[in-house]
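S.K.: My questions will all concern the structure given below.
The values are calculated or read from the model by the stated rules, or taken from the named source; none is laboratory data. Remember, predicted model here, so these are calculated numbers, not experimental data. All Cβ positions, even for glycine, are placed from backbone atoms using ideal geometry, and neighbour counts span all protein chains on display.
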Amino acid sequence: MNATYDTPRRLILNLEMDEVLSSVAETIKNFAVIYLVDISEVPDFNTMYELYDPSTVMFFFRNKHIMIDLGTGNNNKINWALKDKQEFIDIVETVYRGARKGRGLVIAPKDYSTKYRY
């Protein structure tokens with residue numbers, strides 16, 4: 001993947017999230033698959049999903065976008081680096097359980113409204 005980062009902070013956020021994603025891939029392989037996409041190479045969904053952050057995690061189940069209420073007001077995606085592996089696993093499990101029940105919006109196991117300021 002070739003990507004350009006306009007600030008060191010963007011690179012750090014990507015590396016932090018990539019570390020978490022790669023470390024949990026084996027643990028969640030029975031109910032989730034992780035795909036890394038360079039949005040400059042595949043720009044089709046950039047406008048629709050507002051993909052402009054340095055790192056964005058989105059959830060899809062059977063080709064349907066699953067939204068997650070993290071308490072941040074943006075239910076479409078996670079656009080910050082989660083550093084706790086178990087925290088990310090818990091989110092993925094919550095999304096999977098909700099999506100299997102046909103829910104298009106699930107509630108995160110933790111409220112992130114005060115942890116991350118935008």
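Quick grid of which residues meet (1) without any contact (Cβ under 8 Å) to a residue 24 or more places away in the chain; (2) among the acidic types (Asp, Glu); (3) farther than 22 Å from Glu26 by Cα; (4) surrounded by 14 or more Cβ atoms within 10 Å (Cβ to Cβ):
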{"site": "Thr56", "(1), (2), (3), (4)": "yes, no, no, yes"}
{"site": "Phe61", "(1), (2), (3), (4)": "no, no, no, yes"}
{"site": "Lys64", "(1), (2), (3), (4)": "no, no, yes, no"}
{"site": "Lys83", "(1), (2), (3), (4)": "no, no, no, no"}
{"site": "Val92", "(1), (2), (3), (4)": "no, no, no, yes"}
{"site": "Val106", "(1), (2), (3), (4)": "no, no, yes, yes"}
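S.K.: Scanning segment 61-88 for residues that are aliphatic (A, V, I, L, M) and outside any loop (DSSP other than H, G, I, E, B), which turns out modelled with the lowest pLDDT?
M.R.: Here is the first cut: in segment 61-88, the ones aliphatic (A, V, I, L, M) are 66-68, 70, 78, 81-82.
Now narrow it down to the ones that are outside any loop (DSSP other than H, G, I, E, B): 66-68, 78.
Working: Ile66: 96, Met67: 96, Ile68: 95, Ile78: 91.
This residue is Ile78.
S.K.: Right, here's the next one. Can you tell me which residue in segment 13-54 is nearest to Gln86 (Cα to Cα), limited to those that are among the hydrophobic types (A, V, I, L, M, F, W, C) and without any contact (Cβ under 8 Å) to a residue 12 or more places away in the chain? Explain how you work it out, then say what you get.
M.R.: At the first step, the residues of segment 13-54 found to be among the hydrophobic types (A, V, I, L, M, F, W, C) are 13, 15, 17, 20-21, 24-25, 28, 31-34, 36-37, 39, 42, 45, 48, 51.
Those left that are additionally without any contact (Cβ under 8 Å) to a residue 12 or more places away in the chain: 15, 25, 33, 37, 42, 45, 48.
Numbers: Leu15: 18, Ala25: 12, Val33: 16, Val37: 23, Val42: 30, Phe45: 29, Met48: 30 Å.
Step by step, filter segment 13-54, then rank; the result is Ala25.
S.K.: Still on this structure, please answer the following. Identify all residues within segment 40-57 that are at pLDDT below 90 and under 14 Å from the mean Cα position of the chain (by Cα); write none if there are none. Talk me through it step by step, then tell me what you get.
M.R.: Kept after step one, since they are at pLDDT below 90, are these residues of segment 40-57: 40-56.
The answer is Tyr49, Glu50, Leu51, Tyr52, Asp53, Pro54, Ser55, Thr56.
S.K.: Something else about it: Only one of (1) touching a Gly at 6+ places or on another chain (Cβ under 7 Å); (2) buried (at least 17 other Cβ atoms within 10 Å of the Cβ); (3) of a type in the set (D, E, K, R) is not met by Lys77, so which one is it?
M.R.: (1)
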